1. To the nearest 20 debye, what is the magnitude of the charge dipole of the chain about its Cα centre, counting +1 on the Cβ of each Lys and Arg and -1 on the Cβ of each Asp and Glu?
2. Using Stokes-Einstein with the Kirkwood hydrodynamic radius over Cα pairs, what translational diffusion coefficient do you get for the chain at 37 °C and a viscosity of 0.692 mPa s, in µm²/s rounded to a whole number?
3. Select from A50, V18, A63 the residue farthest towards the positive end of the dipole of the chain; place +1 on Cβ of Lys and Arg, -1 on Cβ of Asp and Glu, and compute about the Cα centre.
4. If I fit a long axis through the Cα atoms of helix 51-96 and take the longest principal axis of the Cα atoms of the chain, what angle between them do I get, 0 to 90°, rounded to 10?
Amino acid sequence: MSQNEPVSVRILDREYTVGVGSDERDSLMAASRVLDAKMREIRGSNRMAAVDRVAVLAALNLAHELQLLRDEQARQAAALQQTLADLNRRLDRAIDGT
């Protein structure tokens, strides 16, 4: 079991401290870089944009990307299940000699 430790991340020029297990530190740092980049992309050159609005739009964009990946994974899993079922039927027929 990993012990939570405080980790500081910088997102849109603000520092946040988050408690995370030592085995998840690298993943958290990578996620913070993705979020920072997405928020900077949304904010663009408008430095006066409200940070909470930028954060919500960034979260929505990232959640949408995650949902697209989940949908694609589900499609691939269904295709794999169909392929395996077809192969099992072919094997059954081959074993039965038909």
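1. 360
2. 190
3. The residue sitting most towards the positive pole is A50.
4. Around 10 degrees separate the two axes.
Where a number appears in this text, it was derived from the coordinates with a stated rule and is not lab data. Quick caveat, the model's predicted, so the values are computed rather than measured. Backbone-built Cβ (ideal geometry, glycine too); neighbour counts: all protein chains shown.
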